[in-house]
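Comments concern the structure below.
None of the figures in this text is laboratory data; all of them are computed from the coordinates on show. Just so we're clear, the structure is a prediction, and the values are computed from it rather than from any experiment. Neighbour counts run over all protein chains shown; Cβ positions are idealised from the backbone, glycine included.
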């Protein structure tokens with residue numbers, strides 16, 4: 001996705017909306033993914049929650065032995081964004 005442009009979607013009476021395909025592609029959102037919402041005033045940041053699958057192998061290897069759990073979670077989230 002090149003450039004910055006505004007995307008929009010409509011909210012239904014049930015509070016549901018469709019995430020535009022450009023957003024799904026940019027965030028690598030797939031069916032069944034969980035989303036995190038960070039609300040700051042009138043703005044919201046949406047992130048894909050990495051879930052437990054993103055930690056697969058991280059705790060079993062010596063690679064992350066010196067890392068805190070928060071650092072492991074961050075590394076897992078970054079790996080998920082890269083599609084690993």
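Summary of computed values
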item	result
Residue 71 paired with residue 10, simple spin-label distance in nm, labels 7 Å along Cα-to-beta-carbon	5.0 nm
Inter-probe distance in nm under a simple model that places probes 7 Å from Cα toward Cβ, at residue 27 and residue 82	2.2 nm
Taking 34, 14, 81 and counting other C-beta atoms within 10 Å, the order from fewest to most	14, 34, 81
Pairwise centroid distance, computed over Cα atoms, of region 1-51 with region 66-84, Å	21 Å
